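**Q** Please see the structure below; I have some questions.
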Ligand SMILES: [Mg+2]
Ligand SMILES: [Mg+2]
Ligand SMILES: [Mg+2]
Ligand SMILES: [Mg+2]
């Protein structure tokens, strides 16, 4: 069976997923697209054969030739499309963030709980990175004891002009919100955002930030977000346990020795760093559609990340420590890990 | 277009390629198989829908529903199948080695030259490994000057019971024969095989070996092959230039600190180490079938490796330095790099 | 000239310095000792020829045969001995901490300012470590831009039974208080101490701690102190600038590949990790005594660290962010960097 | 007791040892010097108090105020001075090489055997490097099984104008001749020197070389010597055993991330790389003089290295494999390891 995928939103990430579904992964075919910019939708559709251009995302979801939907549109539109997919009983892959607020995300939880089965996979691709998978295996294996601290850094060389201050929380730190929950298998309970001396490259955006997260077990997480650090895209995570630590390892294709330096190249951007994770993530989704069961990051994971983001934004704007208040976890998500 | 692939030989590597074509890569479907063991062929075919089992490899090639052929049978049979593919005008991916001798490989060269176009891609997967690609880019870029020396180690933790002494040359060292030719963009001109103190785990097989290769430009290559070294699968390559060096970098998913040691896991076997290279290799082949042009390691590359292997076997058995005598390179292969 | 050194306090660190002065470094000789435990003083003195045992530290200082004094007694006694040395005009090397409170340390500042010249070198040995020296050179060189963040970890496998909760600030974190001031060339302005989930090995001691330091320029420092982490003694420091970062590098004598792991030994304790730093530190002191000018970490550095420690203790006990209030820096210390 | 040292030869290395004896190490004092250039001897002596300048090295040895002698003159003069020290019963530290030929070195062995006790320590400083010590401990510990192969590289960025072709054997490779003997605790039995494509920076000197050494147990050693490689001073050694490997680890004070590269500085020269080894080496010598027993690399080690060098020179000039023929090992050296 070839899964016939409809794609809503064909900007940079949407086009990248289409490339992946078409030329890299097994078992899927893109059959329909829509975009807020109809001309862009037509251009992207024209690059392949048999791709229908729809006027709206809802038309994509309603299309009988569409088995499953990939939502890569602007975050504010996710709620409408994902809820429509759930109501249509169609599997949906939704790029992060699930929704721009915990409240909106909570309504998607309601919809899926009402549907009575998981239909949503959220695009937290790091859970498919070999480094993060190995990290989690060590933490879960118990050889370093209970996790007490996590040290994270999330660095981008530059950001696009449309990057505004809040995005350091909602677009950047949100990846670590999910990673921490997943690595430690527990919820985040409070967020404090500190504002260090600003980077001269940062313009109006307060950059870097230093976030402090607390978890249910009492673990503390410090998280640096730097989005103008020029030298490369660099992701660092170390979990400190009672008996030892585990951190993401070095991944350097080569070591060059020249002119007094032994050096390795650093990834230029997230596409390069997480290329394989994106591939594995989306292949798992296609396979899950065939198997009939959603896997991976869930609506609940998206909801929790959104509520933590809300707390992060409050702390960023007002200062101080902001507790995170999650609703009770519905039974639908209890068996996930 | 979905490429319909016939697979000849469904042992370990053949089955792995079928898994890849079916569930990992885009654009291909396995439609026919054959194996020297008909029962095994039936079992493998039974795991998917619409796969025809043929009595012989030649029947696979003759099948009109087969667009392209993947040869993963025993090395001694490659010549027959690859030549038949060439004569049938069907693209063929052939696992290494191309043939068990330079003479046999030369006949495949003759067949392809007679056909007047490249139809063969040889399974030297390292050319698709990110590490080797980066290594070659640095060497070709000139920043370390001309390559004067190459240091290689090729280590397997254990080998299968059927591994006999000659395979240290024909199955193990052959990868470096190709890698050196490709990295330095020149031919190997002589081989000397030394026999160090044997590993107690090696039984009757002389292990390790220390090979010395010489190239057209006068570069020297030392190559350790160890096939019983227990600790893991480990591939090391360093190119020493006039002004600097470049070597394969560290690829460790995590670093664990426990009990006085900071350590990283080592790959268990070649499947793990070169997983991505195998994926990229075969996707390139599928894409080339669609595009109508063979790419990557050529019949000439397989021929040159086979002639170097012949020299290596002579040196292994009789000792001393054995020159490598290649025929003139046909024009068909001149544009390759 | 051979510097004749009197040593006050011959516990573990005192004995180690005597070993160093006697058998490792050039230009010094131990001629007198005193200890709160007279028997221990006699034993240590008995291991060499010509070492006088005095009843008290003040007697050591008063001894005409003593050119310079090394204070390695309990921290609470430092003020008395260092002030006496200053008043006697004798150069003094004082182990850290300078004094158990900012107030006590301030009185030593007063004494030295009254004397009108620097006589004190404080035992912040990390300033002599090749790694820290290289770190500081990169930061000062400007190639990574202004320092915005510093990430530190200070880990001990275990601590002695007499280690109590406050020592995580006064004995452990105090090293980073000094290192941060020295690396960034500015003062610390506030301290916040967080209490993560406790290590089960920690007994009554709250361990680990996560400290947040702020500096004059607005840089933020996160500092993990772990003193029961079992796996080894591990010190990590990374300075994050506007354009790049610099961190302490790997220092592993060997890499061993065995049983699926490539691993390097981790230092067992601070003596091993900072062996060379201790040697260089004390040789600099001896040389400075000969040259007639105190060098290295000053009384001011000890005072600043003590005031930051005071703030750290307040935050540890009461919680929250505690500002650091330093007196004006006397001219005597202005030229130091 | 302060050892009164006479230094013969006050060129670069001699002056460096004087600096070390005077200002770095404990327990020694330089009291006499001589040099082939009397003016240079006077200048060096003038930098300290109480240093006698002698007309000849023999006068230094005969000086009653000289307890022990350090020979750092030109290699061709070592035999005369070391034999004179032995005959005078004075401990002597002799820079490598012991003598310019196995024959000359053999005469020193004869002299010391006649004296009936070890008086000579040879300046193979690598035996005191923490990396090499750890390497040897792992090999001797047996955890990687018997040593089967050793991979070595010895790289200098540039060499002095007086460096001639033979010195690649007698000055450069000689360090590995000793290291291999010491790591594997056995003698080298044959040498083959290969001449790769020459480095364009090498002028008349054949550079690099690729040496192949064989040992009594059948282990093979490949050794690259590169003396014009520009990028830095780099020493690499990996011992390959039956069950694993051990190699010199990374020693980088810092890692800097800037402009797409994560890089560490490489040592500029041997003084920087082996600074600590030189210090420890010479302190051991001073301590051994006080203790009355020579330690460390012996006359036999110098003799064996000289005979291997002879074989290396023969292979360099005539080509081919040259066996190494050592005399029987005198009982005086049997207990050394
Ligand atoms: Mg994603
Ligand atoms: Mg292959
Ligand atoms: Mg100290
Ligand atoms: Mg030396």
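**Q** Name the residue that is farthest from ligand 3 (Cβ to nearest atom), counting only residues in the range C:271-298 that are under 12 Å from the mean Cα position of the chain (by Cα) and more than 14 Å from every other protein chain (Cβ to nearest Cβ).
**A** C:298
**Q** Another question, if that's okay. Anything in the range A:180-195 that is within 14 Å of chain C (Cβ to nearest Cβ) and under 13 Å from the mean Cα position of the chain (by Cα)? List them, or say none.
**A** Across the range A:180-195, the qualifying residue is only A:180.
**Q** Looking at (1) out of contact with any strand residue (DSSP E or B) (no Cβ under 9 Å at 6 or more places or on another chain); (2) within 14 Å of chain B (Cβ to nearest Cβ); (3) assigned to a loop (DSSP other than H, G, I, E, B), find the lone condition where residue C:231 falls short.
**A** Unmet for residue C:231, out of (1) out of contact with any strand residue (DSSP E or B) (no Cβ under 9 Å at 6 or more places or on another chain); (2) within 14 Å of chain B (Cβ to nearest Cβ); (3) assigned to a loop (DSSP other than H, G, I, E, B): (1).
**Q** Still on this model: Residue D:241: surrounded by 19 or more Cβ atoms within 10 Å (Cβ to Cβ), in the same structural domain as residue D:140 (by TED's automatic domain parsing) and farther than 15 Å from residue B:220 by Cβ, yes or no?
**A** Spelling it out, residue D:241 is indeed surrounded by 19 or more Cβ atoms within 10 Å (Cβ to Cβ), in the same structural domain as residue D:140 (by TED's automatic domain parsing) and farther than 15 Å from residue B:220 by Cβ.
**Q** Of (1) more than 14 Å from chain C (Cβ to nearest Cβ); (2) within 16 Å of ligand 4 (Cβ to nearest atom), residue D:51 satisfies all except one. Which?
**A** Residue D:51 satisfies every listed condition except (2).
So that you can scan it fast, the table gives a plain yes or no per residue for (1) at pLDDT below 95; (2) closer than 21 Å to residue C:233 by Cβ; (3) within 12 Å of chain A (Cβ to nearest Cβ):
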site: C:118; (1), (2), (3): no, no, no
site: C:131; (1), (2), (3): no, yes, no
site: C:134; (1), (2), (3): no, yes, no
site: C:148; (1), (2), (3): no, no, yes
site: C:156; (1), (2), (3): no, yes, no
site: C:161; (1), (2), (3): yes, yes, no
site: C:172; (1), (2), (3): no, yes, no
site: C:178; (1), (2), (3): no, yes, no
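The values are calculated or read from the model by the stated rules, or taken from the named source; none is laboratory data. It should be emphasised that the depicted structure is a prediction, and the values quoted were computed from it without experimental measurement. Cβ sites come from the backbone with ideal geometry, for glycine too, and all protein chains shown count toward neighbours.
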